[in-house]
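Undergrad: Take a look at this one; I'll ask things after.
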């Protein structure tokens, strides 16, 4: 959950496909936390969250139940906070930790955007859902428009993302100077990846 909250806090993009491999188990929480998310067919898998079996080995049945139920409540609450459809959450909790359920193409499209972010892009960056749909249906002439909407979202979230990052580093005991240096290195790395 810490990584998922970090991804949410920096308004990250998540992509799952041939270049990244599949995203299953706890990875779903990370994927769902991204502001912008894309996945290829049947690459996102879910199952019920679970407590590590080694930890359960020393617990009584009632302690194990309490621990597992607390984990269930936290996981369900977080996914609801992200506005993941109830049907997907219910499907997740119906599968044992050893039974990965691969989301169908329709289910996998929990939204290219977190719902709040989609509305933000519509209101602040001119996201037009019909243009977006035409672009994803193969109309490459709309690439510039769609790219500009995404860049607009990145520009508008950058300050809060940097503030979040700095706060996280400071909480971890890093000096402000070290935080700034690490951010600059990270920023250069991300820029290089976009070329």
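No value in this document is a laboratory result; all are computed from the given coordinates. Everything numeric in this text was worked out from a predicted model, so none of it was measured. Please note: Cβ atoms are built from the backbone with ideal geometry, for glycine as well, and neighbour counts cover all protein chains shown.
Undergrad: Based on Cα coordinates alone, diagonalise the gyration tensor for the range 1-112, multiply each eigenvalue by 5, take square roots, and list the semi-axes in whole Å, largest first.
TA: Here the semi-axes work out to 25, 15, 13 Å.
Undergrad: Here's something else I'd like to know. In percent, how large is the relative contact order of the chain, given Cα pairs closer than 8 Å and 6 or more residues apart? Mind dumping the intermediate values first?
TA: On the way: 199 pairs, mean separation 41.6, N = 195.
So the answer I get is 21 percent.
Undergrad: Could you tell me how many degrees, from 0 to 90 and to the nearest 10, lie between the Cα long axis of helix 143-171 and the main elongation axis, the longest principal axis, of the Cα atoms of the chain?
TA: Roughly 50 degrees between the two axes.
Undergrad: OK, next. Determine the calculated [θ] at 222 nm for the chain from helices alone, applying -39500 (n - 2.57) to every DSSP H run no shorter than 4 residues and normalising by the residue count; nearest 500 deg cm²/dmol. It would help to have the intermediate numbers written out before the result.
TA: Numbers: 10 runs with 120 residues, N = 195.
Computed ellipticity for the chain at 222 nm equals -19000 deg cm²/dmol.
Undergrad: Please figure out what share of the DSSP beta bridges in the chain is antiparallel and state it in percent, rounded to the nearest 5. Could the numbers behind the result be given before it?
TA: On the way: 4 of 10 bridges.
Rounded to the nearest five, the antiparallel share is 40 percent.
Undergrad: Moving on. Measure out, as a whole number of angstrom, how far apart the alpha-carbon centroids of the range 127-162 and the range 76-117 sit.
TA: After rounding, the separation between the Cα centres reads 24 Å.
Undergrad: Stretched out fully, how many nm does the piece from residue 97 to residue 13 gain, at 0.36 nm a residue minus the Cα gap? Walk me through the numbers on the way to the answer.
TA: Working: separation 84, 0.36 × 84 = 30.24 nm, distance 2.64 nm.
This chain segment gains 27.6 nm when fully extended.
Undergrad: Pulled fully out, how much extra length does the chain show between residue 174 and residue 69, if you take 0.36 nm times their separation in residues and subtract their Cα-Cα distance? Before the final figure, lay out the partial values.
TA: Values: separation 105, 0.36 × 105 = 37.80 nm, distance 3.51 nm.
Here the answer is 34.3 nm.
Undergrad: Next up: Cut-off is 10 Å between beta-carbons; in what order do 33, 25, 175 appear when sorted fewest neighbours first? Spell out each step's value before the answer.
TA: Numbers: 33 26, 25 15, 175 10.
Exposure proxy ranking, most exposed first: 175, 25, 33.
Undergrad: On full extension of the chain, what length is gained from residue 106 through residue 54, given 0.36 nm per residue of separation minus the C-alpha to C-alpha distance? Don't skip to the answer; put the middle values down first.
TA: Details: separation 52, 0.36 × 52 = 18.72 nm, distance 3.61 nm.
Residue separation times 0.36 nm, minus the Cα-Cα distance, leaves 15.1 nm.
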